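Peer 1: Structure below; questions to follow.
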Amino acid sequence: MSDSTRELIEQMKAQNPGEPEFMQAVAEVVESCSAVLDRHPEYRETRMIERMAEPERVIIFRVPWQDDHGDFQVNRGYRVEFNSALGPYKGGLRFHPSVNLSILKFLGFEQIFKNALTTLPMGGGKGGSDFDPKGKSDSEVMRFCQSFMTELARHIGPDTDVPAGDIGVGAREIGFMFGQYKRLRNEFTGVLTGKGLDWGGSLIRPEATGYGCVYFAAEMLATRNDDFHGKTCLVSGSGNVAQYTIEKILDLGGTAVTVSDSGGFVHDETGIDREKLAFIKELKNVRRGRISEYAEKYPSAVYTPVDPDLDHNPMWDIKADCAFPSATQNEINGTDAANLLANGVMLVSEGANMPSDSAAVDQFVDAGILYGPGKAANAGGVATSGLEMAQNSMRLNWPRDEVDARLQTIMKNIHAACIDAADEYGTPGNYVNGANIAGFLKVAGAMRDQGLV
Ligand code: NDP
């Protein structure tokens, strides 16, 4: 790393104290783009990276609600409207007790580049709350969502800011929030994506992040004349992204052998087939139960609870060919990465956002494995949200095959854009640099054209 790059990162850290996740995301982009700044001194002069790392607007608000016992509760709501150079702010809402400004700024920042890679007209944003939907009744979740939207509604709109789901925000929460927006504004409009199919949602949107992540992995494998047949895959998480990742791995001839939640992981050596996957979907989406139940139902599986004293996750120490982290940020650390590599993993495709910490990323890149960073590999979700926006604008619904074909084309194009940018800037095969550089150039060009804003 050059002295000027190090200096820039240090300066930005000083401006954003106490935001480690955000600075982790920024530092990676700064490092990747140093060669771009050398070739484009105008971007250094106009402090383009510093501009991009400053959100256009951050909204923080109170979300009061009443639980089923009549007790008063107060949570904090956020919307980070990061960059609108390419279109309305676009990015999910996360409801999880760990949510804070650093996490939402990292997610919003990554979203700018991811959305640029999709080539659809979408800016970058992210939001959410420290509200924990786990263990809450449907009525409590509804009251919370209505209160959250009562404030958020004044900041969003189909041409301004179009939120979607993320951790803890699925079809149920999107429905409650959409209904409240409609009451407040008296308009039926595509203000949220991930809507129900009968009221403006797009076919393939629920599947899109997981499917897209596997399509991206298939593109990476194809560069080595390889495919999914016979591949053993580790998948973390058991929510939206994990479920459809497993489904597409099965479609393409591979086998997923793990799933997890915040309590622990399940290892099923015999593979998660379609019947077992249906069980996971019902368990997680309908009954909202724990993944340990999988091992109670299927004797072929072993459940390992999280051990907080371990410095690594034993799930990443299982022999496999491919890994699909699909739970949360920094779930793979340096030790986990070393274990994955020692066990012969030759591909990592990130369904989650920033699931590998910087020590892990360095190891994957140095080892020369096929490593698809989240902002490229999981862009299929937001891309299909973009397709949902397009359908809403036209008041039309495209058939499943059409949306899936568009998703596949978008993932192919993102893969090609990463390869081209990495080649162009002298780091062939480095998808991290490729994704950051391709995204940066597109957004920086638009900001320049618009007066740098
Ligand atoms: P869900 O809420 O559907 O599922 C999240 C899964 O991850 C659950 O199994 C959850 O377990 C687990 N998890 C969450 N937080 C933690 C944690 N701190 N430690 C261990 N496990 C955890 O979310 P999604 O599947 O939608 O999102 C998963 C990841 O994919 C996130 O990083 C998200 O940002 C990213 N992503 C999602 C997109 C989408 O379209 N949904 C698009 C692009 C990226 P538990 O139930 O115990 O909490």
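The values are calculated or read from the model by the stated rules, or taken from the named source; none is laboratory data. Quick caveat: nothing in here was measured; it's all calculated off a predicted structure. Every residue, glycine as well, gets a Cβ built from its backbone with ideal geometry; the counts of neighbours run over all protein chains shown. These accessible areas exclude ligands, DNA and RNA; they are computed on the full protein's heavy atoms, side chains included. Shrake-Rupley method; radii C 1.70, N 1.55, O 1.52, S 1.80 Å.
Peer 1: Only helical DSSP H runs with n ≥ 4 go in: add -39500 (n - 2.57) per run for the chain, normalise by residue count and round the 222 nm mean residue ellipticity to 500 deg cm²/dmol. Walk me through the intermediate numbers first.
Peer 2: On the way: 17 runs with 217 residues, N = 453.
Only helices count here, giving -15000 deg cm²/dmol.
Peer 1: I need the calculated FRET efficiency for the pair residue 394 and residue 186, taking r as the beta carbon distance and R₀ as 30 Å, to the nearest 0.05. Let's see the in-between values first.
Peer 2: On the way: r = 22 Å, r/R0 = 0.73.
Efficiency for this residue pair is about 0.85.
Peer 1: Calculate one ³J(HN,Hα) per residue across region 141-153 by plugging θ = phi - 60° into the Karplus curve 6.51 cos²θ - 1.76 cosθ + 1.60, and present them in order as whole Hz with x for glycine and proline.
Peer 2: Couplings: 4, 5, 5, 5, 4, 5, 5, 4, 6, 4, 7, 4, 4 Hz.
Peer 1: Taking every Cα atom in region 35-89, find the radius of gyration and the maximum pairwise distance Dmax, and write them in Å.
Peer 2: Here Rg and the maximum Cα pair distance are 19.5, 62 Å.
Peer 1: Taking 7 Å along the Cα-to-C-beta vector as the label spot, tell me the residue 449-residue 15 distance in nanometres, rounded to one decimal.
Peer 2: 2.5
Peer 1: Right, next: Residue separation times 0.36 nm, minus the C-alpha to C-alpha distance between residue 2 and residue 229: what's the value?
Peer 2: Details: separation 227, 0.36 × 227 = 81.72 nm, distance 4.25 nm.
Full extension of this stretch gives 77.5 nm more.
Peer 1: Within region 141-278, what percent of beta bridges assigned by DSSP are antiparallel, to the nearest 5?
Peer 2: Details: 6 of 8 bridges.
Roughly 75 percent of the DSSP beta bridges within region 141-278 come out antiparallel.
Peer 1: With every protein chain left in place, what is the accessible area per residue of the chain in square angstrom, probe 1.4 Å? Please report the intermediate quantities before stating the final value.
Peer 2: On the way: 17860 Å² over 453 residues.
Counting only protein heavy atoms, the per-residue value for the chain is 39 Å².
Peer 1: Show me, for region 173-178, the HN-Hα J-couplings you get by feeding each phi into the Karplus relation (A = 6.51, B = -1.76, C = 1.60, θ = phi - 60°), rounded to Hz, glycine and proline as x.
Peer 2: These are the phi-based 3J(HN,Hα) values: 5, 4, x, 4, 6, 4 Hz.
Peer 1: When the Cα atoms of the chain are enclosed in a convex hull and the volume is divided per residue, what value in Å³ results?
Peer 2: Working: hull volume 64.1 nm³, N = 453.
Cα convex hull per residue, to the nearest whole number: 141 Å³.
Peer 1: What are the ³J(HN,Hα) couplings of region 376-393, residue after residue, when phi is run through the Karplus curve with 6.51, -1.76, 1.60 and θ = phi - 60°? Round to Hz, x for glycine and proline.
Peer 2: 9, 5, 9, 6, x, x, 6, 4, 6, 4, x, 5, 5, 4, 5, 5, 4, 5
Peer 1: Same structure, new question: With all protein chains present and a 1.4 Å probe, how do 86, 407 order by accessible area, largest first? Display every interim value, and only then the final one.
Peer 2: Values: 86 40, 407 0 Å².
Correct descending sequence by accessible area is 86, 407.
Peer 1: Sticking with this structure for a sec: For the chain, what % of the accessible area comes from carbon and sulfur atoms, probe 1.4 Å?
Peer 2: On the way: 8830 of 17860 Å².
Its accessible area is 49 percent carbon and sulfur atoms.
Peer 1: Counting only DSSP beta bridges with both residues in the chain, what percent are antiparallel, rounded to the nearest 5? Don't skip to the end; give the middle numbers.
Peer 2: Numbers: 27 of 45 bridges.
Antiparallel bridges make up about 60 percent of those DSSP assigns within the chain.
Peer 1: Given R₀ = 22 Å, what would the calculated FRET efficiency be for residue 57 paired with residue 98, taking r from the Cβ atoms and rounding to 0.05? Mind showing how you got there, number by number?
Peer 2: Numbers: r = 23 Å, r/R0 = 1.05.
Efficiency at R0 = 22 Å is approximately 0.45.
Peer 1: Something else: With the crude spin-label approximation of a point 7 Å out along Cα→Cβ, what separation in nm comes out for residue 252 versus residue 309?
Peer 2: Those two pseudo-labels are separated by 4.0 nm.
Peer 1: Would region 138-288 count as rounded, prolate or oblate if I go by the C-alpha gyration tensor, calling it rounded below 1.5 in a/c and otherwise prolate when a/b exceeds b/c, oblate otherwise?
Peer 2: On the way: a/c = 2.99, a/b = 1.87, b/c = 1.60.
Verdict is prolate for region 138-288.
Peer 1: Related question: Classify region 98-198 from the C-alpha gyration tensor, please: rounded if a/c falls under 1.5, else prolate or oblate depending on whether a/b exceeds b/c. Provide the component values of the computation, followed by the final result.
Peer 2: Working: a/c = 1.80, a/b = 1.21, b/c = 1.49.
Taking the square roots of the gyration eigenvalues as a ≥ b ≥ c, region 98-198 is oblate.
Peer 1: Can you pull the three principal axis extents for the Cα set of region 334-451, in Å, largest first?
Peer 2: Principal extents (Cα only, largest first): 51, 38, 21 Å.
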